[in-house]
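First the structure, in the form of structure tokens, and then the observations on it.
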Amino acid sequence: MLISSLCMVGYDGPAPGLEVWPAQPKHCKPDVAQASFNHSLAMARKADALGFDWVSVSEHHYAPYIMTPNPAVMAGALTQAVKRAKIALLGPLVPLSNPVRLAEELAMLDMLSGGRVVVLFLRGTPNEHRTYDNDPDATRAQTQEGIDLVIKAWTSDDAFAWEGEQYQYSNVAVWPRTVQQPHPALYGSGNSEESVRFAATRRMGIAFSFAPPEIVRKWVKLYQEEAAKVGWQPDPSHVIYRGIAYSAESDSRAADEMGAFFGAKAAEQAKIQQETLGGPPVVPLITEPYFVGGPETLKGRMETIRDCGVGVVDLAWGIGNPAQRAAALDCFADNVLTTAQNL
């Protein structure tokens, strides 16, 4: 099993909660945001040094919990900070991007990283579609056509015109080419039957975030069946699972520290929300983070997810202050990482 550490870049100061979108910019203090970025880069360097297989980045907009509206920019910084692990963009939101520019930027990243880029293309959540007032009814078609366009841009030896339903370009000729040939490893969403079938027909991997194991097992089975229909067989490395993580010396200590952190956050956010509420709601990620506990509990949960067909686990260190997150990363590396990688 491959283990990934999410370079989460959460805002380490008072800010609105997940249910408030967009978060008002007045709550973002530049010095706090800059310290948060510096901590996230330090966590990425630490994960690389500790032996994690991947360091990942994500894309979100108008919110403090992940401050990477352009994951390619963050990944560019990671190419200079992370020297061994793969750098996984999980992922660019295709409907919010120009797919040709996306192909160009990702090829640059593959070049800068020496061929270590992994890419998960995503459609995004309904609130993200509102970032640039996109038509939500068009986002699925934009995502699927955009992925096909990126792949062709990476694999074509000659300039070409693209006349699709969603995108039209008279000339596409991407420079530089990707180091990895024919292109970096690609993944798509695994959160619906339609997206699972699309990924299987394109021989892409799939990814899940925060879903219960029984749901993951169901979608992986469908994915394997759909891949077989088009003549190929995915292995566990084609399936990514992301979960919130916090590792401590015991289950009780992990639970106590998580409870204290979320309790303080709730009080902080309640004060902010008394001042202002606005925007469409963001669906809460999960009610109980999955990868939280002592070493033996986390080893067991890794085994459970592996038995669902998952071969890559992406850990989001979203609990605790910066010192606690760094300690949790160390605790996981010392007690769980090697066991999980050997599953």
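A single entry from 241, 223 fulfils the requirement of being buried (at least 21 other Cβ atoms within 10 Å of the Cβ) and within 25 Å of residue 318 (Cβ to Cβ): 241.
Suppose we keep only residues that are over 26 Å from the mean Cα position of the chain (by Cα) and in a helix (DSSP H, G or I) within region 226-238. Which one would you say is surrounded by the fewest Cβ atoms within 10 Å (Cβ to Cβ)? That would be 229. Note on region 198-210: residues that are surrounded by 19 or more Cβ atoms within 10 Å (Cβ to Cβ), modelled with pLDDT of 95 or more and not in a helix (DSSP H, G or I) total 4. Summed over region 247-271, the residues that are surrounded by 12 or more Cβ atoms within 10 Å (Cβ to Cβ), assigned to a helix (DSSP H, G or I) and either modelled with pLDDT under 75 or touching a helix residue (DSSP H, G or I) at 6+ places or on another chain (Cβ under 7 Å) (or both) give a count of 2.
Residues in region 309-343 that are assigned to a loop (DSSP other than H, G, I, E, B) and of a type in the set (A, V, I, L, M, F, W, C): 5 in all.
With respect to (1) under 18 Å from the mean Cα position of the chain (by Cα); (2) farther than 17 Å from residue 54 by Cα, the lone exception for residue 321 is condition (1). Annotation note: of 146, 91, 115, the sole residue that is crowded, with 22+ Cβ neighbours inside 10 Å, within 26 Å of residue 313 (Cβ to Cβ) and either at pLDDT 95 or above or under 16 Å from the mean Cα position of the chain (by Cα) (or both) is 91. Could you go through region 79-87 and let me know if any residue there is in contact with a Gly (Cβ under 6 Å, 6 or more places away or on another chain) and aliphatic (A, V, I, L, M). Checking region 79-87: not a single residue is in contact with a Gly (Cβ under 6 Å, 6 or more places away or on another chain) and aliphatic (A, V, I, L, M). Each residue in region 178-195 was checked for being over 15 Å from the mean Cα position of the chain (by Cα) and farther than 12 Å from residue 222 by Cβ, and 7 pass. Selection of region 46-75 for residues being buried (at least 16 other Cβ atoms within 10 Å of the Cβ), in a helix (DSSP H, G or I) and free of Cβ contacts under 8 Å to residues at least 60 places away in the same chain yields 48, 71, 72, 75. Would you confirm, using the coordinates I've provided, whether residue 288 is at pLDDT below 95 and of a type in the set (D, E, K, R)? For residue 288, the condition - at pLDDT below 95 and of a type in the set (D, E, K, R) - is met. Within region 1-22, the residues that satisfy the criterion of being among the small types (Gly, Ala, Ser) and either more than 22 Å from residue 127 (Cα to Cα) or over 17 Å from the mean Cα position of the chain (by Cα) (or both) are 4, 5, 13, 15, 17.
The values are calculated or read from the model by the stated rules, or taken from the named source; none is laboratory data. Keep in mind that this is a model prediction, so the values were computed, not measured. Backbone-built Cβ (ideal geometry, glycine too); neighbour counts: all protein chains shown.
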